Amino acid sequence: MSPKRYLSNKKTKKQTISIYPELKKEILEFCQQKAIENPNDPVYKSISSFYTYVMNEFLAYLEKGGDLTDLYNSRDSSLDPFYDKFSYKSFAPIFEEFLKPNRYETSDLNLSYFLLSVRNLYLKNFDPYNLTQFKGFFQKLKSHFENKELVRNFKFDIKTEKQKRNVKGVFEMSIYYKNICFENAKYNAVFFGYLGVKVNKVEISKDGIYSRMEVETTDLFFNPKSLRAERRLLAEGNLKRIINLNSILEDEDFYLWTKLAMDKDIYISFKNLDEIIEIITDMGFISQSNGILDNVLLKQLKFFEKLHWIKINNEEDHSFNIIIPEKGHEKELKFLQEFLSKSSKITQVGDNYYLE
Amino acid sequence: MLESKRTEKQTVSISPALKDWIERFVQKKHNENPDNEKYRSISAFYNYILQCALNFLKSSKNLEDLNKQRKESKDDLESLTFRAILSLHEEWLKMNRYRGINFRRNVPLLIMIRKSLINGKDLYNFSDLEEIFERCINLTIPEEISKNLSYHLTKSRKLEDIKLTCEHVGAYKNLQYENLKFLSLVLGFLGVELTDFFYSEKDSFTQLTYITTQLFFSKKTSRNRRIQLVQKNLDFFKDYSRLLNDFDPYFWMEMTSYDDVYLRFINIKVLNNWLNKIEQDLRFLEKEEDMISKLLEFFEKIHWIKINDKKDLTFKFVLEQKHNKEEFTFFKDTILKYAQIVQDEEIFRLKKRTNS
């Protein structure tokens with residue numbers, strides 16, 4: 001391999017080449033534009049410096065076996081400094097498993113600070129009315145996110161003719177891991193909202209590794225103001241295309257139960273109430289002879305509180321209210337009384353019960 | 001190609017070394033590929049490279065990326081990692097706190113990690129052991145999620161009893177918890193047992209004590225024994241006492257795994273409220289015609305019925321009528337608003353109402 005050598009400040013040679021006039025003009029304009037944008041960058045100080053920079057980098061690339069047909073597959077690192085501040089190295093196959101229970105959670109909506117920062121980064125020096133810039137912007141994102149390890153495909157097709165104010169497009173993304181793909185689809189839907197882009201339709205493939213969104217810009221996209229509340233509202237609507245009771249009902253039971261768990265007027269019961277004893281035993285809240293386990297009574301009360309049968313008023317006094325109504329729920333109330341009476345005395349004062 | 005078009009001359013100043021490098025490279029390539037027009041002359045090569053460079057730079061990339069990418073040849077384990085956004089993953093991991101993971105699916109990965117960590121190492125050499133544990137910790141506990149991390153290995157009289165004590169103060173609650181699970185998972189598969197786990201959620205402080213077992217020193221695969229040890233280690237993270245003090249959905253998720261559980265509503269209004277939410281979501285998605293099948297899915301999810309055939313809308317009750325009169329009344333009152341119920345012995349079928 002030929003060694004790479006650098007341009008000496010003192011010794012230079014002239015090289016004359018034949019060049020297409022269009023290319024020559026394009027290079028000149030490009031260098032002038034770049035010199036204005038980056039006045040301190042020595043690469044654009046003169047045409048000779050630019051040629052030196054380009055030829056050095058390309059020769060090094062070609063000498064190492066690089067193929068110029070792969071050129072456009074190489075990653076864009078210009079977004080790295082921003083993302084490096086906010087990111088860590090994660091192990092994809094393990095975190096794929098860890099992400100499963102989060103499927104129908106809407107916590108992405110709470111990250112408005114981060115989402116607005118990303119929006120500001122992406123839209124800096126960006127003219128939303130310029131379709132060419134729009135395409136370039138997605139090309140840049142594609143080049144940053146598409147990589148062999150995680151993202152297989154990242155594509156945005158603009159379906160709008162020039163001069164139209166509202167831009168319609170189709171965004172597609174494939175990720176090798178199902179749960180990571182789903183979380184990213186949720187994030188993208190929310191982020192589109194913060195950008196001011198409405199998601200009209202979402203499709204996620206059956207194997208879960210491909211998502212497709214039909215989107216269109218709203219007035220918010222063209223508005224430079226933060227307008228956090230309005231953007232959040234749009235993001236909520238976008239997310240609802242993915243997280244809704246229709247999709248939750250098609251998935252595993254526990255996803256619906258996590259939603260119902262927030263409603264104190266719903267409670268867990270058992271076809272065979274004796275199973276409660278088995279569960280409490282499995283969980284280790286039954287034996288008072290277990291030295292490690294302190295305050296068995298309180299743990300038992302907390303167990304029934306989690307079932308939404310009672311509400312603990314005071315943990316120290318072991319006082320509680322029964323929140324399930326008596327009528328129609330007699331079997332649970334009878335079981336509760338019998339169970340708690342085994343290890344303590346129950347005293348009732350008005351609606352309050354105390355364990356002694 | 002170049003000669004057939006109108007061209008202009010351009011003279012640039014470049015270093016003698018670069019001039020020489022270009023000339024030698026073009027000559028070499030021309031000898032290898034005499035028909036390739038790009039290498040026919042220095043000018044043809046310049047034109048080709050400059051055009052590529054312009055296109056590349058206009059797509060917002062840096063030429064340094066060309067060579068950076070070639071330098072980044074990741075090893076097998078590295079190739080499974082990706083840069084994840086801290087604040088996003090902190091939210092996304094929240095629901096996994098008390099969930100077990102299907103690590104059996106990841107056994108090939110664990111075998112790969114084990115090989116990578118112990119290959120070429122003498123397990124009876126203390127400095128090699130230090131290196132193995134250090135790599136394992138670096139792999140599973142990224143710097144960005146830690147406020148403080150310290151660990152040390154202690155020898156005992158018995159050569160095969162090595163104690164690892166690890167103290168970690170997390171910068172993010174959920175990332176800390178899940179990454180410590182990951183550490184315990186990998187160590188378990190190596191044959192290292194978690195014997196003590198102290199966790200203070202308030203201070204994001206954990207102290208973990210691990211001890212090597214015979215499995216650690218065994219060269220055999222012993223897949224099942226390693227899986228058992230992983231499970232044992234992960235059980236420390238599923239602390240039911242903490243579960244009872246935590247967010248209700250965690251407990252409800254856990255309860256769905258029991259056979260005899262089902263959900264009850266304190267009155268029919270509560271049930272109707274949820275069914276209205278389903279109806280609203282279907283309206284938003286323009287899928288109102290799916291309401292009847294969604295109702296059946298809802299009742300199946302709360303463990304009242306078992307659907308036999310989704311298309312035929314046939315199902316069986318899994319609750320006993322004599323013990324759950326209220327649920328039967330609620331079910332019928334709700335369903336009759338949307339469909340007729342036809343009974344054929346134990347099997348029920350819903351018949352859509354006709355508008356007549």
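Filter the range B:308-331 down to residues that are of a type in the set (K, R) and in contact with a strand residue (DSSP E or B) (Cβ under 7 Å, 6 or more places away or on another chain), then give me how many there are. Give the steps one after another, and end with the answer.
Filtering the range B:308-331 for residues of a type in the set (K, R) gives B:310-311, B:316, B:322, B:325.
Adding the requirement that they be in contact with a strand residue (DSSP E or B) (Cβ under 7 Å, 6 or more places away or on another chain) leaves B:316.
Number of matching residues: 1.
How about the range A:18-52: which of its residues are at the interface with chain B (Cβ under 7 Å from one of its Cβ atoms) and in a helix (DSSP H, G or I)? The answer is A:P21, A:L23, A:K24, A:E26, A:I27, A:F30, A:I47, A:S48, A:Y51, A:T52. Note on the range A:152-199: residues that are touching a Ser or Thr at 6+ places or on another chain (Cβ under 6 Å), over 15 Å from A:F138 (Cα atoms) and among the aliphatic types (A, V, I, L, M) total 1. Scan the range B:210-263 for residues that are assigned to a helix (DSSP H, G or I) and of a type in the set (D, E, K, R) and the total you get is 8. Residues that are without any contact (Cβ under 8 Å) to a residue 24 or more places away in the chain and either closer than 30 Å to B:H89 by Cα or part of a helix (DSSP H, G or I) (or both) were ranked within the range B:149-174; the one that is farthest from the chain's Cα centre (by Cα) is B:H152.
Take the conditions within 13 Å of the chain's Cα centre (by Cα) and in the same structural domain as A:Q133 (by TED's automatic domain parsing) and apply them to A:F182. Does it pass?
In short, yes.
In the set A:F171, A:F126, A:F156, A:F137, only one residue is without any contact (Cβ under 8 Å) to a residue 60 or more places away in the chain, in a helix (DSSP H, G or I) and in the same structural domain as A:F221 (by TED's automatic domain parsing); that residue is A:F137. There is no residue in the range A:202-219 that is touching a residue at least 24 places away in the same chain (Cβ under 8 Å), within 22 Å of the chain's Cα centre (by Cα) and part of a helix (DSSP H, G or I). Checking the stated criteria, A:K271 turns out not to satisfy the condition of being basic (K, R), touching an Asp or Glu at 6+ places or on another chain (Cβ under 7 Å) and crowded, with 19+ Cβ neighbours inside 10 Å. Taken over the range B:319-356, residues that are in a loop (DSSP other than H, G, I, E, B) and surrounded by fewer than 16 Cβ atoms within 10 Å (Cβ to Cβ) amount to 13. Within the range B:19-51, the set of residues being surrounded by fewer than 18 Cβ atoms within 10 Å (Cβ to Cβ) and within 7 Å of chain A (Cβ to nearest Cβ) comprises B:R24, B:Q51. Among the residues that make up the range A:280-291, is at least one of them outside the structural domain of A:N184 (by TED's automatic domain parsing) and in contact with a Gly (Cβ under 8 Å, 6 or more places away or on another chain)? Within the range A:280-291, one or more residues are outside the structural domain of A:N184 (by TED's automatic domain parsing) and in contact with a Gly (Cβ under 8 Å, 6 or more places away or on another chain). Residue-level check: of (1) more than 11 Å from chain A (Cβ to nearest Cβ); (2) more than 30 Å from B:L190 (Cβ to Cβ); (3) of a type in the set (A, V, I, L, M, F, W, C), B:F237 misses just (2).
The values are calculated or read from the model by the stated rules, or taken from the named source; none is laboratory data. On a predicted model such as this, the values are computed, not experimentally measured, just so you know. Cβ sites come from the backbone with ideal geometry, for glycine too, and all protein chains shown count toward neighbours.
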